[in-house]
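Colleague: Questions regarding the structure given below will be posed in turn.
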Amino acid sequence: MTMKYAFPKEFWWGSASSAPQTEGENLSFGKSATTWDHWFEQEPNRFHGNVGPQQTSTFYQHWREDIALLKQLNHNTFRTSISWARLIPAGRGEVNAEAVTFYNQVIDEMLAQGVQPFINLFHFDMPMVMQELGGWENRDVVQAYGEFAATCFDLFGDRVKHWFTFNEPVVPVEGGYLYDFHYPNVVDFKRAATVAYHTMLAHALAVKAYRERQQGGEIGIILNLTPSYPRSQHPADIKAANIADLMFNRSFLDPALRGEYPQELVELLREQGQLPDCRPGDAELLQQGVVDLLGINYYQPRRIQCRDSLVNPESPMMPEWFFSSYEMPGRKMNPHRGWEIYEKGIYDILTNLRENYGNPRCFISENGMGVENELRFDQGGQINDEYRIDFVREHLKWLHRALQEGSGCLGYHMWTFIDCWSWMNAYKNRYGFVQLDLATQKRTVKKSGEWFARVASHHGFD
Ligand code: BG6
């Protein structure tokens, strides 16, 4: 019997996590501090419940049991990241042997359990020693990242066949250099533009290093794409939505898929005197950064209207000089995270990629729903998270439709596997297929985890 929503047999079913959010043992086993450790030490009050990056979910100890759970949930693929600060504690140079052992064990165990490792190289976790040099503002750090990436390929590339250079590279730009939710808490558009630009140079260096090694796998980047919907078809709203799209989506999507920046974005930044320092050789390098595979993180749309007030000429330049956000009446919300839920967005992203970017190899690398106080939904010792099942099912229906229309989407990964530490929100909202008891570190599969395991083994659902 065919299922109403049948997916290809080889479709990737899995979930995603990251080193800084799950490993724990932050300042032990040779690992050096990241910007998160430093910031938490300075301002613990900025983190929900004063819970910092050192209290993450003990994957460093429990990797074997956690990988067994991946298999139990019928994952054929799983993404995590390698921590730069753990592998190369000084940022450059000597490799930490304990880290090599740890990551080798994780990779080997995943493969032994039939779970393909998808490995990302940077998930917001700048080593503090590199940040002290200026982080992504400094081209030496770009070079150091290229060396770190090459080291990872040399150490693990014989077994890892799906690599990613960055997760959501726009987020450290927004958080660290515009909106004050990541260290170093700078508010400065030009520095933000520099960080964004240098990140893509670093990305291209890593892609180049990977290709030079000819290891028979593929390399990509993971972008959080937020489709920009104008409030109306009024030309002013459309223009505003287009600028938001250029700044938040195409600023990374175009270099990743086309090897160059959109001319409209370059012109806008030039007019405003905000262009970063572009040097000879950069354009050629960027062209080498065109990816084999695009990961798409999709959580929420961006609804935009034109501004209806003048900008304070003394305020620092912000993307919002050119548009305002629009709260569509009747929008469906996840009140815990404050994000709109709009399932069709996943279809719109895939359609845009198919129509305007040559239908690249891609997959949904994150989608998910953070909910506060999930213990409310405990039924006989298990979290009955029907809302999460609905969330995933409705997104998968739109993904299925995109596939029927010819999208090159190859899989769906959930954020996340086991409840994990979420940056400033710490453990406020839970996202996992598996519940984490913070006191005991016990893992218990939620209803959504069981549901997903069935969908993965049946290659779909009705
Ligand atoms: C993505 C990130 O932005 O969304 C994850 O890749 C993050 O690291 C997830 O945890 C959920 O967002 P948040 O801010 O609620 O943790």
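Colleague: What net charge is computed for the residues neighbouring Phe29, neighbours being all others with C-beta under 15 Å from the C-beta of Phe29, Lys and Arg scored +1, Asp and Glu -1?
Modeller: -3
Colleague: Relative to the compact globular guide of 2.2 N^0.38 Å, what is the alpha carbon radius of gyration of segment 306-462, as a ratio?
Modeller: Against the empirical 2.2 N^0.38 Å value, I get 1.25 for segment 306-462.
Colleague: Within segment 418-462, which residues have the backbone N less than 18 Å from the label spot 7 Å out from Glu372 along Cα→beta-carbon, could you tell me?
Modeller: Output list for this probe position: 420-432.
Colleague: Kindly provide the pair-distance distribution of segment 1-40 built from C-alpha pairs, with 10 Å bins from 0 and whole-percent values in order of increasing distance.
Modeller: The percentages, shortest bin first, are 19, 32, 14, 15, 15, 4.
Colleague: Tell me the net charge near Ser57. Cut-off is 13 Å between Cβ atoms, Ser57 excluded, with +1 for each Lys or Arg and -1 for each Asp or Glu.
Modeller: Counting the neighbours of Ser57, the net charge comes to -3.
Colleague: State to the nearest 20 debye the size of the charge dipole of segment 42-105 about its Cα centre, where the only charges are +1 on K and R beta carbons and -1 on D and E beta carbons.
Modeller: The dipole magnitude comes to about 160 debye.
Colleague: Would you work out which of Met200, Ala240, Gln263 lies farthest towards the positive end of the dipole of segment 194-269, given +1 charges on the beta-carbon of Lys and Arg and -1 on that of Asp and Glu, about the Cα centre?
Modeller: Farthest along the dipole direction, towards plus: Met200.
Colleague: Now for a separate question. Can you give the net charge of the other residues whose Cβ lies under 14 Å from the Cβ of Arg270, counting K and R as +1 and D and E as -1?
Modeller: Details: positive: Lys190; negative: Glu264, Glu267, Glu271, Asp277.
It works out to a net charge of -3.
Colleague: At Arg401 and Asn312, where each label point lies 7 Å from the Cα along Cα→Cβ, what is the point-to-point distance in nanometres?
Modeller: 4.3 nm
Colleague: Run the reach check for Lys442 against aspartates and glutamates, Cα to Cα strictly under 16 Å, same-chain hits fewer than 8 apart removed. What comes back?
Modeller: Straight-distance partners of Lys442: Glu23, Glu65, Asp66, Glu374, Asp378, Asp419.
Colleague: Now for a different question. What number, in nm² with one decimal, is the all-direction average of the projected area of the convex hull of the alpha-carbon atoms of the chain? Please list the in-between numbers first.
Modeller: Numbers: hull surface 87.5 nm².
The orientation-averaged projected area of the Cα hull of the chain comes to 21.9 nm².
Colleague: Using the per-residue mean of other Cβ atoms lying within 10 Å as a proxy for protection, in what order, highest first, do the peptides 133-145, 361-373, 303-315 fall?
Modeller: 361-373, 133-145, 303-315
Colleague: Tell me the mean residue ellipticity at 222 nm calculated for the chain from its helices only (DSSP H runs of n ≥ 4, each -39500 (n - 2.57), averaged over every residue, nearest 500).
Modeller: The helix contribution divided over the chain gives -12000 deg cm²/dmol.
Colleague: If you don't mind, another one. Restricting to the chain, what percent of DSSP beta bridges are antiparallel, rounded to 5?
Modeller: If we restrict to bridges inside the chain, about 30 percent are antiparallel.
Colleague: Over segment 47-108, what is the relative contact order in whole percent, taking alpha-carbon pairs under 8 Å and six or more residues apart?
Modeller: The value is 23 percent.
Colleague: Oh, and also: In whole Å, how far is the Cα centre of segment 293-340 from that of segment 1-15?
Modeller: 34 Å
Colleague: Which value in nm describes the separation of the simple spin-label points at Arg139 and Thr101, placed 7 Å from the Cα toward the beta carbon?
Modeller: 4.1 nm
Colleague: Pop out the ³J(HN,Hα) list for segment 146-151 in order, Karplus 6.51 cos²θ - 1.76 cosθ + 1.60 with θ = phi - 60°, rounded to Hz; leave Gly and Pro as x.
Modeller: Rounded to whole hertz, the list is x, 5, 4, 4, 4, 4.
Colleague: What would the Debye equation give as log₁₀ I(q)/I(0) for segment 5-69 at q = 0.13, 0.21, 0.22, 0.25 Å⁻¹, counting only Cα atoms as equal point scatterers?
Modeller: -0.50, -0.89, -0.95, -1.10
Colleague: Whole-Hz ³J(HN,Hα) for each residue in segment 315-324, computed from phi via Karplus 6.51 cos²θ - 1.76 cosθ + 1.60 with θ = phi - 60°, x for glycine and proline: what do you get?
Modeller: Running phi through 6.51 cos²θ - 1.76 cosθ + 1.60 with θ = phi - 60° gives 6, x, 4, 9, x, 6, 5, 10, 6, 10 Hz.
Colleague: Taking amide hydrogens as modeled 1.01 Å from N in the peptide plane, which residues meet the under 5 Å criterion relative to Gln116, leaving out close sequence neighbours?
Modeller: Thr77, Phe78
Colleague: Relative contact order for segment 323-393: what percent, with Cα pairs under 8 Å and sequence separation of 6 or more?
Modeller: Relative contact order here is 25 percent.
Colleague: Right, another one. As a test of the definition: which semi-axes, in Å, follow for segment 318-404 when you take the square root of five times each eigenvalue of its alpha carbon gyration tensor? Largest first, please.
Modeller: They are 28, 21, 11 Å, listed largest first.
Colleague: While we're here: Kindly write out, for segment 198-215 in residue order, the coupling ³J(HN,Hα) from the Karplus curve 6.51 cos²θ - 1.76 cosθ + 1.60 (θ = phi - 60°), rounded to whole Hz, with x marking Gly and Pro.
Modeller: Here the 3J(HN,Hα) series is 5, 4, 6, 5, 4, 4, 5, 4, 5, 4, 4, 4, 5, 5, 4, 7, 6, 9 Hz.
Colleague: Give, rounded to the nearest 20 debye, the magnitude of the charge dipole that the chain has about its Cα centre when Lys and Arg contribute +1 at Cβ and Asp and Glu contribute -1 at Cβ. Each step should come with its number before you reach the end.
Modeller: Numbers: 44 positive and 57 negative charges, 230 e Å.
About 1100 debye.
Colleague: If you take the Cα atoms of segment 207-361, find Rg, then find the Kirkwood Rh from the mean of 1/r over all pairs, what is Rg/Rh?
Modeller: Over the Cα atoms of segment 207-361, Rg/Rh equals 1.01.
Colleague: What's the Kirkwood radius of segment 144-278 in Å, using all Cα pairs?
Modeller: Answer for segment 144-278: a Kirkwood hydrodynamic radius of 16.3 Å.
Computed from the coordinates by the stated procedures, all read-outs in this text should not be read as laboratory data. Keep in mind the model is a prediction, meaning the values are calculated, not measured. Positions of Cβ are backbone-derived with ideal geometry, glycine not excepted, and every protein chain shown enters the neighbour counts.
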